[in-house]
Amino acid sequence: MRIILLGPPGAGKGTQAKTITGELGIPHISTGDILRKAIEEKTPLGLKAKEYMDKGHLVPDDLMIDLIKERIKKKDCEKGFLLDGFPRTIPQAQALEELSPIDKVIKIKIENDVAIERLSGRRTCKRCGAMYHVIYIPPRKEGICDRCGEELIIRDDDREEAILKRLEVYRKETRPLIEYYRKKGLLAIIDGGRRKEEVTRDLLVSIK
Ligand code: AP5
């Protein structure tokens with residue numbers, strides 16, 4: 001199964017992808033996570049990507065297409081994959097089409113004010129990547145990851161200015177993909193503004 005999760009920043013793509021890929025037995029490919037790791041490791045890709053990401057801009061298409069091309073060639077993608085954060089532009093979607101067939105595209109829909117509230121309260125584990133929200137999905141001990149005990153951090157692009165820019169970029173660059181995939185008959189839409197467990201249940205129904 002080759003799945004794309006679409007949706008604005010804060011829709012819950014990463015949270016849901018981490019939950020369902022174990023059950024589906026396919027890898028979760030988050031371009032945001034790959035880029036953040038590259039930044040941490042100060043690789044050439046990371047150094048290029050950081051200035052775009054911190055401002056809430058998209059990283060150029062050619063870099064992202066090369067990254068995905070290499071990633072989906074790997075052995076763990078033989079039975080499929082779940083893409084979270086790619087494609088984000090029409091040129092990325094067209095390039096993906098040349099690389100691999102896609103079985104399903106699921107858009108997680110949320111309102112703007114919900115996105116802003118979620119991103120402002122997000123906390124991420126800097127070691128294992130687990131995601132929390134200070135109000136809705138809090139860790140058992142404030143500031144500490146339940147899973148691995150590491151400190152939780154606020155992402156550099158979860159500042160108000162960058163959040164608003166990311167939402168604007170989503171509307172301009174990524175939202176056209178909804179029509180693109182609808183025309184191909186691949187699109188399903190799920191209401192992401194509900195409890196995490198309800199969204200997971202609908203996602204699994206939509207996929208199976
Ligand atoms: P990326 O990391 O992909 O960020 P994003 O798309 O902006 O998405 P987010 O991670 O912010 O949100 P999400 O939908 O995953 O929500 P989450 O589950 O975390 O990309 C970052 C940057 O990298 C981009 O801005 C760009 O610069 C670059 N980039 C990446 N891919 C690119 C590409 N293809 N092309 C060009 N540039 C690219 O949840 C958010 C919060 O809500 C969390 O706190 C969570 O705990 C909470 N939450 C989740 N679900 C619920 C729920 N149901 N109820 C209550 N709270 C919830």
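Throughout, read-outs are computed from the coordinates displayed, never taken from laboratory work. Everything numeric here is computed off the predicted structure, so don't read it as measured data. Note: ideal-geometry Cβ built from the backbone for every residue, glycine included; neighbour counts use all protein chains shown.
Going by what's in this entry, would residue 38 be described as of a type in the set (A, V, I, L, M) and either within 8 Å of the ligand (Cβ to nearest atom) or within 26 Å of residue 208 (Cβ to Cβ) (or both)?
Against the criterion (of a type in the set (A, V, I, L, M) and either within 8 Å of the ligand (Cβ to nearest atom) or within 26 Å of residue 208 (Cβ to Cβ) (or both)), residue 38 does not qualify.
Would you kindly identify the helices (runs of 4 or more DSSP H) lying entirely within segment 122-208 that contain at least 3 residues that are touching an Asp or Glu at 6+ places or on another chain (Cβ under 6 Å) and not basic (Lys, Arg)? Break it down stepwise before answering.
On the way: elements: 160-169, 176-183, 196-207.
So the answer is none; nothing clears 3.
Tell me whether segment 54-70 contains one or more residues that are closer than 15 Å to residue 15 by Cα and either within 13 Å of the ligand (Cβ to nearest atom) or loosely packed, with under 14 Cβ neighbours inside 10 Å (or both).
no
Return yes or no: is residue 43 under 16 Å from the mean Cα position of the chain (by Cα) and either among the hydroxyl-bearing types (Ser, Thr, Tyr) or surrounded by fewer than 18 Cβ atoms within 10 Å (Cβ to Cβ) (or both)?
no
Quick one: which helices (runs of 4 or more DSSP H) sit completely within segment 1-102 and have at least 1 residues that are in contact (Cβ under 8 Å) with a residue 24 or more places away in the chain, touching a helix residue (DSSP H, G or I) at 6+ places or on another chain (Cβ under 6 Å) and not acidic (Asp, Glu)?
13-24, 31-40, 61-71, 90-99
Name the residues in segment 6-35 that are within 9 Å of the ligand (Cβ to nearest atom), of a type in the set (Val, Ile, Thr) and within 19 Å of residue 96 (Cα to Cα), would you?
Matches in segment 6-35: 31, 34.
Given the conditions (1) within 10 Å of the ligand (Cβ to nearest atom); (2) buried (at least 19 other Cβ atoms within 10 Å of the Cβ), report the number of the one that residue 3 does not fulfil.
Residue 3 satisfies every listed condition except (1).
For residues that are surrounded by 13 or more Cβ atoms within 10 Å (Cβ to Cβ) and more than 13 Å from the ligand (Cβ to nearest atom), scanning just segment 100-111, find the one that is farthest from residue 64 (Cα to Cα).
For segment 100-111, the residue satisfying everything is 104.
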